[in-house]
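Taking it in order: structure first as structure tokens, then the write-up.
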Amino acid sequence: MNTRTDMSDKITEEFSYEFTDRMGRDFQARVCIDADQLVIHVYYGKYRAGHMFCTIRGDELMLGDIFLENAVELLGVPIRRFVCRLFRLPKPTISFRRNGLGSEIMEFLFETVSNRGIKKIVGQVPVKGVAENPKLLDWYRSMGFSVTPKHDDKLWVAEIRRPINLS
């Protein structure tokens, strides 16, 4: 799906792309970009796997919320729900973390914004994010971000920055 709509002074572009994670699972990302934001929603079949929200300010992209689901219940099939209730089994779940999905989305983001005049990506890493994923700062470094720790802030652990290589 590729559409372009002129809404007053904003140009909105919507498109989707497909990719595979390290486990060989197929995903679809739906992307919406306008003059001041970029949103990516990621789906695994009918299940929402995650999202990324960003704000565009001139030639700078500010990372907002980046989230991948950790345990999505797979109870779409009625017989599965029945069997789980009958035998008091735990609900079957699927995780979308630690299989390259975040890296795939971030690489796509780099490619997408480099074609739109964005020169750098910046953001802040929340304390909660590092509490949930202790290797988060290392992941940002592996994606090419410089990580500057913030020692005096109760909400944010670090600031991140990455220049975009314009083609």
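The values are calculated or read from the model by the stated rules, or taken from the named source; none is laboratory data. Predicted model only: the values in this text are computed from it and were never measured. Glycine gets a Cβ as well: all are built from the backbone with ideal geometry, and neighbour counts include every protein chain shown.
Brief remarks on what is shown
- Filter pass, R57 being farther than 25 Å from V127 by Cβ, among the basic types (K, R) and either at pLDDT 90 or above or surrounded by 13 or more Cβ atoms within 10 Å (Cβ to Cβ) (or both): no
- All positions within region 120-131 that are farther than 15 Å from Q37 by Cα and among the charged types (D, E, K, R): K128
- Of all residues assigned to region 110-133, none qualifies as being touching a residue at least 12 places away in the same chain (Cβ under 8 Å), more than 15 Å from L61 (Cα to Cα) and of a type in the set (F, W, Y).
- Checking D153, D138 one by one, the residue that is surrounded by fewer than 14 Cβ atoms within 10 Å (Cβ to Cβ) and part of a loop (DSSP other than H, G, I, E, B) is D153 and no other.
- Leading residue by the ranking (modelled with the highest pLDDT) among those in region 35-49 that are surrounded by fewer than 16 Cβ atoms within 10 Å (Cβ to Cβ) and within 19 Å of T12 (Cβ to Cβ): D36
- Scanning region 81-124 for residues that are at pLDDT below 80 and either β-branched (V, I, T) or more than 25 Å from Q28 (Cα to Cα) (or both) returns R81, F82, V83, C84, R85, L86, F87, R88, L89, P90, T93, I94.
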